[in-house]
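What follows is a short report on a single structure.
The values are calculated or read from the model by the stated rules, or taken from the named source; none is laboratory data. Please read all numbers here as calculations on a predicted model, not as lab measurements. Cβ: placed from backbone, ideal geometry, glycine included. Neighbour counts: every protein chain shown. What goes into the accessible areas is simple: the full protein's heavy atoms, side chains included, and nothing from ligands, DNA or RNA. Shrake-Rupley method; radii C 1.70, N 1.55, O 1.52, S 1.80 Å.
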Amino acid sequence: MKLLSVAIPCYNSENYMEHCIQTLLTGGQEVEILIVDDGSKNDRTGQIADQYQQQYPTICRAIHQENGGHGQAVNTGLKQATGTFFKVVDSDDWVNEEAFQEILNVLRAYQEPESEENALDMLVSNFVYEKQGAKRKKVMNYRTAFPKNELFGWEDVRFFMKGQYILMHSVIYRTSMLRDCGLKLPMHTFYVDNIFVYHPLPHVRKLYYLDVNFYRYFIGREDQSVNETVMIGRIDQQLLVTKLMLGYYDVIKLKPRKLRHYMISYLEIMMTISSMLAIQSNDPENFKKKKELWQFLRKQNLPLFIRLRWGFLGQGVNLPGKSGRKIFSVCYKITRKFYGFN
């Protein structure tokens, strides 16, 4: 069994996937790199994947499938993984090689736990926004939220600041835990990385935070899924993911208080992003979709609706009329510039 399986979902990724793979190869024989060619067309993605499998047969595996979207590529990677731990790295991102060695040292220490109480379910590390053209690289760290360099539970979690969320770039999960919790991402849907992080959290008992800048998250391509214009064009998929995540509330309400509080905060940011995209589109049809989303939440769970709708962010995205939308839009642009996302 490998120590770590890394799935790389690839679709027409010939221009950048090799840099991603090369940084992961520094992990050596303990790492399994699953290069999932998600039905790429008219480029060399599949050929490059096969070349790496041929050159590094004990590390790289090329997996070819019909196009099913990012989520299906992750599903395939998880199904094929033989590693004790599992991570997803997008093909246009990469990892820091020195931090990678520290990550592997921690995973190695918990590969064969003495008991279930000492089993590491989720390793969290920092990630860096590698925004094209940006002079200042924003680092997402979790120093205020987690104790460092020790195994801990949700009762030991401290304080999450606004905007400080656990994202796909931050996490490595125990493979068996992901399978046991029934994680399966929807096909042909963008933004399912939120579900990848969110769904397993109630099943996570023990965490470990390593304060290293491991994952490098590239932002800058015009066709990238997190480009604001692209996100507005795919608002229906963002709304679908948000609705699916709202369905987990009943699952989490009996879990530890700090976990429940964090997961509700995550829902708050998902509602805010969905509403923000509708406002930024300046499209009356999308305004209706935003209203329908909040009505969906109200019908599904009134207490949660009240908590989110009358919170600071909920009130901000629901300021009435054209002037209200304009005020929110200005505040959003200021926040985006400060935090450096999109």
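Suppose we filter segment 138-170 for residues that are in contact with an Asp or Glu (Cβ under 7 Å, 6 or more places away or on another chain) and not in a loop (DSSP other than H, G, I, E, B); how many remain?
The total comes to 1.
For segment 94-137, enumerate the residues that are part of a loop (DSSP other than H, G, I, E, B) and within 29 Å of Pro202 (Cβ to Cβ).
Taking segment 94-137 first, the residues part of a loop (DSSP other than H, G, I, E, B) are 96, 110-115, 119-121, 132-137.
Those that are part of a loop (DSSP other than H, G, I, E, B) and within 29 Å of Pro202 (Cβ to Cβ): Tyr110, Gln111, Glu112, Pro113, Glu114, Ser115, Ala119, Leu120, Asp121.
Residues to consider are Lys288, Lys326; find the one that is open to solvent by 70 Å² or more (accessible area, probe 1.4 Å), modelled with pLDDT of 90 or more, in a helix (DSSP H, G or I) and not polar (S, T, N, Q). So that I can check it myself, show each step before the final result.
Details: Lys326 fails: modelled with pLDDT of 90 or more.
Testing whether each residue is open to solvent by 70 Å² or more (accessible area, probe 1.4 Å), modelled with pLDDT of 90 or more, in a helix (DSSP H, G or I) and not polar (S, T, N, Q) leaves just Lys288.
Name the single residue, out of those in segment 72-93 being of a type in the set (S, T, N, Q) and either part of a loop (DSSP other than H, G, I, E, B) or touching a Pro at 6+ places or on another chain (Cβ under 7 Å) (or both), that is surrounded by the fewest Cβ atoms within 10 Å (Cβ to Cβ). Give the derivation first.
Here is the first cut: in segment 72-93, the residues of a type in the set (S, T, N, Q) are 72, 75-76, 80, 82, 84, 91.
Keeping just the survivors that are either part of a loop (DSSP other than H, G, I, E, B) or touching a Pro at 6+ places or on another chain (Cβ under 7 Å) (or both) gives 82, 84, 91.
Values: Thr82: 12, Thr84: 21, Ser91: 27.
Among them, the one singled out is Thr82.
Does Gln295 satisfy being of a type outside the set (Ser, Thr, Tyr) and either modelled with pLDDT of 90 or more or more than 26 Å from Val139 (Cβ to Cβ) (or both)? First the steps, then the outcome.
Details: of a type outside the set (Ser, Thr, Tyr): yes; either modelled with pLDDT of 90 or more or more than 26 Å from Val139 (Cβ to Cβ) (or both): yes.
Yes: the conditions hold for Gln295.
If we keep just the residues of segment 125-175 that are out of contact with any strand residue (DSSP E or B) (no Cβ under 9 Å at 6 or more places or on another chain) and free of Cβ contacts under 8 Å to residues at least 24 places away in the same chain, which is most open to solvent (accessible area, probe 1.4 Å)?
From segment 125-175, those out of contact with any strand residue (DSSP E or B) (no Cβ under 9 Å at 6 or more places or on another chain) are 133, 135-136, 144, 155, 158-162; that's our starting set.
This time we only want the ones that are free of Cβ contacts under 8 Å to residues at least 24 places away in the same chain, so: 135, 144, 158-159, 161-162.
Numbers: Lys135: 207, Thr144: 49, Arg158: 132, Phe159: 128, Met161: 91, Lys162: 126 Å².
The residue in question is Lys135.
Evaluate segment 80-97: report whether one residue or more is free of Cβ contacts under 8 Å to residues at least 12 places away in the same chain and more than 17 Å from the chain's Cα centre (by Cα).
Step one: list which residues in segment 80-97 are free of Cβ contacts under 8 Å to residues at least 12 places away in the same chain, which gives none.
Scanning segment 80-97 turns up no residue that is free of Cβ contacts under 8 Å to residues at least 12 places away in the same chain and more than 17 Å from the chain's Cα centre (by Cα).
Restrict the check to segment 37-53 and report whether at least one residue is open to solvent by less than 60 Å² (accessible area, probe 1.4 Å) and under 20 Å from the mean Cα position of the chain (by Cα).
Applying the first criterion (open to solvent by less than 60 Å² (accessible area, probe 1.4 Å)) to segment 37-53 yields 37-40, 43, 45-46, 48-49, 52.
Narrowing further to those that are under 20 Å from the mean Cα position of the chain (by Cα): 37-38.
Yes: segment 37-53 contains one or more residues that are open to solvent by less than 60 Å² (accessible area, probe 1.4 Å) and under 20 Å from the mean Cα position of the chain (by Cα).
Please identify the pairs in which a residue from segment 1-19 that is open to solvent by 40 Å² or more (accessible area, probe 1.4 Å) has its Cβ atom under 7 Å from the Cβ atom of a residue that is among the basic types (Lys, Arg), counting only partners at least 6 apart or on another chain.
Asn12/Lys41; Glu14/Arg44
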